[in-house]
Amino acid sequence: MKKKYNDTKMWFNIITIFPEMFRAITDYGIVGQAIKKEIININFFNPRNFSKNKYKSIDNRPYGGGPGMLMSVEPLYLAIKAAKSELKDASIIYLSPQGNELQQSNIEQLIKKKKIIFICGRYEGIDQRIIDYQVDEEWSIGNYILTGGELASMVMIDSISRLIPGVIKTKKSIEEDSFSNNLLDYPSYTRPKIIEKMSVPEVLLSGNHNKIRIWRLKQSLGKTWIKRPDLLKKKY
Ligand code: 4F9
């Protein structure tokens, strides 16, 4: 089937032995809607379907010994080949604790790629030759270990997807995000004015938009100063 490419559409091919896990993002919320609207396209390539041995095994022992197993090279390699042939010129991303730690600014760059193949490792990881010869970028979502790369890929897809034009309705809500200005969010309130004796800051009810803007900036600066002084260093 011929696929139409356009400027804003984002294509993700995912190499995983657990494609069903991705229902957590494909079947719900904003990413789910964007897939329905065909702003985002996600396809899966399961190494198990490329395993040539009798038991369809997809793990193997590491050379040199040691605990645990690695993903088998051949099924993984064939899955990558299939994913590449369906998505020409895609960047190949591998999620692991060895990668650079992802920042919002990196996500803003990644959205420009339009076509991304994610390799989700399981067990103790993947053969170094795949990383050396196939992978373009290796990223970490934080300094902790997961049971596999699927959740990390979903985190990346989720944060990339919300920046695609048409996925989130108002551009303003993206521009005002924490981190896009290196400040934490100001506190927000909605109706009613008072609940169980807890009230809304008076200034927000004043209708004075300039005063409100200054109050919000002060709140953002104060909160960032106390909770994330590292972000202020980046700003100035
Ligand atoms: C991937 C951890 C990205 C942090 C992949 C086990 C991972 C990970 N960021 N942990 N497999």
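The values are calculated or read from the model by the stated rules, or taken from the named source; none is laboratory data. Keep in mind it's a predicted model, so treat the numbers as computed, not measured. Note: ideal-geometry Cβ built from the backbone for every residue, glycine included; neighbour counts use all protein chains shown. Remember, those area values only see protein heavy atoms, side chains included, never the ligands or the DNA or RNA. Shrake-Rupley method; radii C 1.70, N 1.55, O 1.52, S 1.80 Å.
Observations on the model:
- One way to sum up the overall shape of the range 89-132 is the equivalent ellipsoid from its Cα gyration tensor, whose semi-axes run 21, 14, 8 Å, largest first.
- Note on the range 27-83: along the principal axes its Cα atoms extend 48, 23, 19 Å, ordered by decreasing extent.
- Taking amide H as placed 1.01 Å from N in the peptide plane, the amide H of S140 sits under 5 Å from that of S96, G99, N100, E101, L102, each at least 5 places away or on another chain.
- Amide H contacts of S180 (H built 1.01 Å from N, under 5 Å, at least 5 apart or other chain): none
- Principal-axis tilt of helix 73-86 within the chain, Cα atoms, nearest 10 degrees: 60
- DSSP loop GluC sites (Glu not before Pro) with at most 14 other Cβ within 10 Å: longest gap in the chain: 39-123
- Only protein atoms count toward the accessible area here, which uses a 1.4 Å probe; on the chain, the carbon and sulfur part of that area reaches 53 percent.
- Across the range 171-236, Cα-Cα distances exceeding 20 Å account for 38% of all pairs.
- Area accessible to solvent at I157, 1.4 Å probe radius, in Å²: 0
- Trypsin sites (Lys or Arg not before Pro) restricted to DSSP loop in the range 88-136 with at most 14 other C-beta within 10 Å: K88
- Degrees between helix 150-161 axis and first principal axis of the chain (Cα, 0 to 90, nearest 10): 50
- Tail beyond 17 Å, pair distance distribution of the range 10-161 (Cα, percent): 61
- When W215, W11, W139, W225 are compared by accessible area of protein heavy atoms, the largest-first order is W225, W215, W139, W11, using a 1.4 Å probe.
- Net charge of neighbours whose Cβ lies under 10 Å from the Cβ of P62, counting Lys and Arg as +1 and Asp and Glu as -1: -1
- Over the chain, accessible surface divided per residue gives 64 Å², non-protein components excluded, 1.4 Å probe.
- Loop-resident chymotrypsin sites (Phe, Trp or Tyr not before Pro) (DSSP state other than H, G, I, E or B) in the range 55-127 with no more than 11 further Cβ atoms inside 10 Å of their Cβ: Y55, Y63.
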